[in-house]
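Working notes, structure below.
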Amino acid sequence: MVKAVVGACWGDEGKGKITDMLAEDADIVVRFQGGANAGHTIVNDYGKFALHLLPSGSFNQNVTNMIGNGVALDIPQLIKEIEDVVSKGVPRPNIVVSERAQVLMPYHKDFDKFEEERLSDRQFGSTKSGIAPFFSDKFSKIGFQVWELFQEEELMEKIKNVLEIKNLILEHVYHKPAIDADELYKTLRSYGEMIKPYVIDSVKFMHEAVKSGKTILLEGQLGSLKDPDFGIYPMTTSSSTLAGYGAIGACVPPYEIKEIITVVKAYSSAVGAGAFVSEIFGEEADELRRRGGDGGEYGATTGRPRRMGWFDCVASRYGCMVQGTTAVAFTVLDVLGYLDEIPVCVGYEIDGEVTRDFPTTGKLEKAKPVLKVLPGWKTDIRGIKKYEDLPENCRNYIEFIEKELEVPIKIVSNGPARHDIIMK
Ligand code: GDP
């Protein structure tokens, strides 16, 4: 049984928490796309953790956690995260890494930074984790798969070939020092030593896992609106954030993905540049940011304050649709307990016309939110375990949004901890 846990909007919906919870009954959790550029915050019996590359099943000894071939593998970062959780008392997680995953190179981070500097006020708001240069290289066929780190002459030869173009760009575009081939060779060989104990033939591993009926969770990073095809291009990420891509990035047959659990947050937040129709500002935004998530809405990777907004039915319905959602996990609902009234965005007004359909980026930038105001419930709903015990206005909020999403909300999350969950 393969299930995907993915995000509906800009990311930070609480996928890590939902995956950590579902991992209690899973055999394998796979990261299938993205890299260390976003974080999952997880609160469980071991404490509070910000994971960037480690799959969120890492706190469950019953789970094998895989870095799939679709991931941008930052080797020192992965090793650092493993040692970090172990040093905080978590039993050493079972980690395996696809031999076909590609390696994030030290220069990918440099190129990310140099390009944002060159763009200056036109920059993308990159986390500077090297993701865009990494995926550009992957599809330009000058990336390095993990198995290549174990070669000697062939590795050196490839390094020299790749550095030819990299050094031309460094010198002439960015005016930065060239990369030395011998030094890079040494670094990559040391990466090889670090990653060797984890490397497996992931194609065979996943094939056998599916065949023997294992429960497999595909863990997405970011969300639909950051997908390079269906998101707010070009203000997106560089690898597909959709459950469908799990078939590629984890190597499972597409028809085996039976459940697509899309995580939807009870209000909106976003990081980076790009259109955000239901965005709010000033004191209203500051208060939601301060109260949001678990200890405020600040990026888990960068610490940047997140942009805040009301729930966006148009974006979230579209986000669920492009994921192929079978069930929604509705998260961070407890945070809204302070509001007398809760505005939600139910339509976009573009050039004088109101639409419920999510448009392409050009039109999106012109969209103004059409807001509907719902009554708040003015109580703390943390600790409630049964759906019927939620205040009426809170259930009305959930059910209003469920209707708008056009897919069933089956899980409601009312606190950051693993078992702050209501099954609907
Ligand atoms: P992810 O990348 O989708 O896993 O999301 P993040 O971890 O970046 O952001 C979600 C934040 O919300 C984290 O700080 C979580 O601990 C927190 N969180 C998740 N679910 C809930 C919830 O139901 N209530 C509250 N208050 N916080 C939550």
| said: Condition first: open to solvent by 20 Å² or more (accessible area, probe 1.4 Å) and under 22 Å from Val2 (Cα atoms). Now tell me which residues in segment 22-48 satisfy that. | reply: Leu22, Glu24, Asp25, Asp27
| said: Restricting to segment 1-52, and then to whatever is under 21 Å from Glu259 (Cα atoms), among the charged types (D, E, K, R) and in a strand (DSSP E or B), can you tell me which residue is farthest from the ligand (Cβ to nearest atom)? | reply: Lys3
| note | Being surrounded by 23 or more Cβ atoms within 10 Å (Cβ to Cβ) and within 14 Å of the ligand (Cβ to nearest atom) narrows Ala266, Ala315 down to just Ala266
| query | All but one of (1) out of contact with any Ser or Thr (no Cβ under 9 Å at 6 or more places or on another chain); (2) at pLDDT 95 or above; (3) of a type in the set (S, T, N, Q) hold for Ser136; which doesn't? | reply | (1)
| Which residue, of Thr127, Thr187, is touching a residue at least 24 places away in the same chain (Cβ under 8 Å) and either open to solvent by 60 Å² or more (accessible area, probe 1.4 Å) or in a loop (DSSP other than H, G, I, E, B) (or both)? | Thr127
| request: Go through the residues of segment 175-189 one by one and say whether even a single one is aromatic (Phe, Trp, Tyr) and closer than 21 Å to Lys128 by Cα. | output: no
| field | The lone exception for Ile398 - which of (1) open to solvent by less than 30 Å² (accessible area, probe 1.4 Å); (2) within 13 Å of the ligand (Cβ to nearest atom); (3) farther than 27 Å from Val354 by Cα it fails | value | (3)
| Any hit, segment 205-212, residues being part of a helix (DSSP H, G or I) and in contact with an Asp or Glu (Cβ under 8 Å, 6 or more places away or on another chain) | yes
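A quick yes/no check of all residues on (1) under 26 Å from Gly192 (Cα atoms); (2) touching an Asp or Glu at 6+ places or on another chain (Cβ under 8 Å); (3) open to solvent by 80 Å² or more (accessible area, probe 1.4 Å); (4) assigned to a loop (DSSP other than H, G, I, E, B):
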| site | (1), (2), (3), (4) |
| --- | --- |
| Glu115 | no, no, no, no |
| Ala132 | yes, yes, no, no |
| Ser136 | yes, no, no, no |
| Ile142 | yes, no, no, yes |
| Glu157 | yes, no, yes, no |
| Unique residue being under 22 Å from the mean Cα position of the chain (by Cα) and at pLDDT 95 or above when the list is Asp74, Asp112 | Asp74
| message | Go through (1) modelled with pLDDT of 95 or more; (2) within 22 Å of Leu222 (Cβ to Cβ); (3) touching a helix residue (DSSP H, G or I) at 6+ places or on another chain (Cβ under 7 Å) for Glu259 and report which single condition fails. | response | (3)
| field | For Glu164: the one exception among (1) out of contact with any Ser or Thr (no Cβ under 9 Å at 6 or more places or on another chain); (2) at pLDDT 95 or above; (3) closer than 30 Å to Arg317 by Cα | value | (3)
| field | Search result, residues across segment 70-95 that are outside any helix (DSSP H, G or I) and open to solvent by 30 Å² or more (accessible area, probe 1.4 Å) | value | Lys88, Gly89, Pro91, Arg92, Asn94
| Can you name every residue in segment 209-230 that is under 10 Å from Trp10 (Cα atoms) and open to solvent by 10 Å² or more (accessible area, probe 1.4 Å)? | Leu222, Lys226
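So which of Gly70, Gly143, Gly89 ends up being at positive phi and not aliphatic (A, V, I, L, M)? Can you show your working first?
Details: Gly70 fails: at positive phi; Gly143 fails: at positive phi.
From the options Gly70, Gly143, Gly89, the qualifying one is Gly89.
Please indicate, with yes or no, whether at least one residue in segment 319-335 is β-branched (Val, Ile, Thr), within 16 Å of the ligand (Cβ to nearest atom) and assigned to a helix (DSSP H, G or I). Full working, then the answer.
Residues of segment 319-335 β-branched (Val, Ile, Thr): 322, 325-326, 328, 331-332, 335.
Those still in the list that are within 16 Å of the ligand (Cβ to nearest atom) too: 325, 328, 331-332, 335.
Checking the rest, the ones that are also assigned to a helix (DSSP H, G or I) come to 335.
Yes, because at least one residue in segment 319-335 is β-branched (Val, Ile, Thr), within 16 Å of the ligand (Cβ to nearest atom) and assigned to a helix (DSSP H, G or I).
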| query | For segment 284-299, does any single residue satisfy the condition of being open to solvent by 40 Å² or more (accessible area, probe 1.4 Å) and more than 16 Å from the ligand (Cβ to nearest atom)? | reply | yes
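The values are calculated or read from the model by the stated rules, or taken from the named source; none is laboratory data. Since we're looking at a predicted model, the values are computed, not measured. Virtual Cβ from ideal backbone geometry, glycine too; neighbours counted across all protein chains shown. Areas reflect the complete protein model, heavy atoms only, side chains present, ligands, DNA and RNA absent. Shrake-Rupley method; radii C 1.70, N 1.55, O 1.52, S 1.80 Å.
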